[in-house]
Amino acid sequence: MTINRGMLIDGYFRARQLEIINIDLLTSQQRLTVKNEELKISSQQLEMAIPKIEFYDAVRKSETNIKIRDLEKILELDKNSLYETLRQKGILNEDNVAEQEYIDKELY
């Protein structure tokens, strides 16, 4: 039995092409797995953010004021933490008095 040299070379290159295709397929599957995991994480983060978004929307649309004591309860913060956050954001000054900008906008 004689082996045709051309057939041997042809067979080698076909096998090599299949190997490359398999590697590409594996790489694509790995990328897809990573993308699916990223999507899952993003979806979880969005689910966690929904209550915050809804709260923000409700506050922005509100036509009434809210007492600091009630805000503390809603945000689950103690008075000192809430005031510290408001000072850090520049809403209150060091004496816990609202900055004029926020008073003018009727936000405080």
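The values are calculated or read from the model by the stated rules, or taken from the named source; none is laboratory data. Just so we're clear, the structure is a prediction, and the values are computed from it rather than from any experiment. Please note: Cβ atoms are built from the backbone with ideal geometry, for glycine as well, and neighbour counts cover all protein chains shown.
Scanning segment 53-80 for residues that are among the basic types (Lys, Arg) and within 19 Å of GLU106 (Cβ to Cβ) yields ARG60, LYS61, LYS67. Per this entry, ASN93 is counted among residues that are in contact with a Lys or Arg (Cβ under 8 Å, 6 or more places away or on another chain) and polar (S, T, N, Q).
To keep it simple, each residue is scored yes or no on (1) at pLDDT 85 or above; (2) of a type in the set (Val, Ile, Thr).
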position	(1), (2)
GLU19	yes, no
LEU26	no, no
GLN30	yes, no
GLU37	yes, no
TYR56	no, no
ILE74	no, yes
ASN80	yes, no
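Here's a check for you: in segment 1-28, which residue that is of a type in the set (S, T, N, Q) and loosely packed, with under 10 Cβ neighbours inside 10 Å is nearest to the chain's Cα centre (by Cα)? Step through it out loud before you land on a result.
Here is the first cut: in segment 1-28, the ones of a type in the set (S, T, N, Q) are 2, 4, 17, 22, 27-28.
Applying the additional criterion that residues be loosely packed, with under 10 Cβ neighbours inside 10 Å yields 2, 4.
On the way: THR2: 65, ASN4: 60 Å.
Among those that are of a type in the set (S, T, N, Q) and loosely packed, with under 10 Cβ neighbours inside 10 Å, it is ASN4.
Just to be sure, is GLU38 of a type in the set (Asp, Glu), part of a helix (DSSP H, G or I) and within 18 Å of the chain's Cα centre (by Cα)? When the stated conditions are applied, GLU38 passes them.
When GLU47, GLU72 are checked against the criterion of being surrounded by 10 or more Cβ atoms within 10 Å (Cβ to Cβ) and either charged (D, E, K, R) or not in a helix (DSSP H, G or I) (or both), GLU72 stands alone in meeting it.
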